[in-house]
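What follows is a single structure, written as structure tokens, with notes after it.
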Amino acid sequence: MNYIRTGMLMAGLTALFGAVGYLLGGGSGMLMALGFAAVTNLFSYWNSDRLALAAHNAHEVDERSAPELYGMVRDLAARANMPMPRVYLIDEDQPNAFATGRNPQNAAVAATTGIMRTLSYEELAGVMAHELAHIRNHDTLTMTITATMAGAISSLVTFGMMFGSRENRPNVIVQILLSILAPLAAMVIQMAISRSREYEADKLGGEIVGNPVWLADALAKIAGGVAHIPNETAEAKPATAHMFIINPLTGGGMDSLFSTHPDTGNRIAALMEQARAMGIGAHAGGGFMSQAAQSPWSGSGSGHQPGPWG
């Protein structure tokens, strides 16, 4: 049902794009708007990962430069039966992570240095499993397209009102309402799609890592870190906020009314319910897979020992 809902919301976003074009320029305006949507989506399809990673000054790591993180992602990808994504680090104190890429064959996961200092090995594995779930579900492409279209609708309204022909341009009252309501409607649709995809990624991430409790614990820690540590790069580039596992803008006091992420408490509750359904207790221990058991991050296997990430 979530996939059907996402498809319907994306269809609604496309219809909104066409409707705005029609109101600004009639039938020809609608066709131009849909053509503009196709071009912007094509551009985002090929360049979304490069632009997102560059925006946050992420640098790629490998098995030599970050053996623990790289090995963790490799083992989780194998467990999820999907291609190994590229792995990036972001020099940022705020604990957070995101995934990007047009498909599982051309994808990347990125983690901040802050999240590596904050979480235990198992908790970080839960986060990376969540990001891999986004990739496997093609959410990275879906959210890139929705964000691009939402931004393009705002640009289309501005462009149409400034340069559209006078004979096709609606009256002043309609123009004012259109300039306010069209971007707002696009934002609401984008928010709804993002919220739906986060719940799905949490669920699949819990299955991939094998213990949803680790991801639940990670979300609680990340939310606490985000609330106290601003992410200046994300504040300067708010269009990338929907990509992160927790909205990075909340650290700067952003009003959560239009957040693209579900309430963290609701996400944790869903993960704990998933754990109970799997027969896992709230404080179940044990490192995930053999690598975690051999790692200094797993400690005694409690899953709550922070590691010397840096």
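The values are calculated or read from the model by the stated rules, or taken from the named source; none is laboratory data. Keep in mind it's a predicted model, so treat the numbers as computed, not measured. Neighbour counts run over all protein chains shown; Cβ positions are idealised from the backbone, glycine included. Heads up: the accessible areas ignore ligands, DNA and RNA and are worked out on the full protein's heavy atoms, side chains in. Shrake-Rupley method; radii C 1.70, N 1.55, O 1.52, S 1.80 Å.
Which residue pairs have Cβ atoms closer than 9 Å, lie 6 or more positions apart in sequence or on different chains, and pair a first residue in segment 50-71 that is without any contact (Cβ under 8 Å) to a residue 40 or more places away in the chain with a second residue that is open to solvent by less than 50 Å² (accessible area, probe 1.4 Å) and among the polar types (S, T, N, Q)?
R50/T100; L51/S44; L51/T100; L51/T240
Filter segment 44-64 for residues that are open to solvent by less than 80 Å² (accessible area, probe 1.4 Å) and part of a loop (DSSP other than H, G, I, E, B) and give the result.
Residues satisfying the conditions are H56, A58, D62.
So for segment 75-83 (the condition being of a type in the set (A, V, I, L, M, F, W, C), modelled with pLDDT of 95 or more and buried (at least 24 other Cβ atoms within 10 Å of the Cβ)), does at least one residue qualify?
Scanning segment 75-83, I find at least one residue that is of a type in the set (A, V, I, L, M, F, W, C), modelled with pLDDT of 95 or more and buried (at least 24 other Cβ atoms within 10 Å of the Cβ), so the answer is yes.
Name the pairs whose Cβ atoms lie under 8 Å apart, with the first residue in segment 113-127 and touching a residue at least 12 places away in the same chain (Cβ under 8 Å), the second among the aliphatic types (A, V, I, L, M) and part of a loop (DSSP other than H, G, I, E, B), and 6 or more positions between them or separate chains?
What qualifies is G114/I229; V127/L119; V127/I245.
For residues that are of a type outside the set (D, E, K, R) and without any contact (Cβ under 8 Å) to a residue 40 or more places away in the chain, scanning just segment 91-111, find the one that is farthest from L204 (Cα to Cα).
Only one residue tops the list, namely Q105.
Can you confirm whether T250 is modelled with pLDDT under 90, open to solvent by less than 30 Å² (accessible area, probe 1.4 Å) and among the hydroxyl-bearing types (S, T, Y)?
No, not satisfied.
Quick one: is T118 in contact with a Pro (Cβ under 7 Å, 6 or more places away or on another chain) and open to solvent by 10 Å² or more (accessible area, probe 1.4 Å)?
Spelling it out, T118 is indeed in contact with a Pro (Cβ under 7 Å, 6 or more places away or on another chain) and open to solvent by 10 Å² or more (accessible area, probe 1.4 Å).
Within the bounds of segment 118-141, is there any residue that is closer than 21 Å to E235 by Cα and within 14 Å of the chain's Cα centre (by Cα)?
Taking every residue of segment 118-141 in turn, at least one turns out to be closer than 21 Å to E235 by Cα and within 14 Å of the chain's Cα centre (by Cα).
Within segment 117-139, which residues are among the hydroxyl-bearing types (S, T, Y) and assigned to a helix (DSSP H, G or I)?
Matches in segment 117-139: T118, Y121.
Looking only at segment 92-112, count every residue that is touching a strand residue (DSSP E or B) at 6+ places or on another chain (Cβ under 8 Å) and open to solvent by 20 Å² or more (accessible area, probe 1.4 Å) and tell me the total.
2
State whether one or more residues within segment 14-32 are outside any loop (DSSP other than H, G, I, E, B), of a type in the set (F, W, Y), at pLDDT below 95 and buried (at least 21 other Cβ atoms within 10 Å of the Cβ).
Taking every residue of segment 14-32 in turn, at least one turns out to be outside any loop (DSSP other than H, G, I, E, B), of a type in the set (F, W, Y), at pLDDT below 95 and buried (at least 21 other Cβ atoms within 10 Å of the Cβ).
Can you go through M72, M128 and tell me which one is touching a strand residue (DSSP E or B) at 6+ places or on another chain (Cβ under 8 Å), open to solvent by less than 70 Å² (accessible area, probe 1.4 Å) and either of a type in the set (F, W, Y) or modelled with pLDDT of 95 or more (or both)?
M128
From D202, D217, grab the single residue that is at pLDDT 85 or above, of a type in the set (D, E, K, R), in contact with a Pro (Cβ under 8 Å, 6 or more places away or on another chain) and on the phi < 0 side of the Ramachandran plot.
Answer to the selection: D202.
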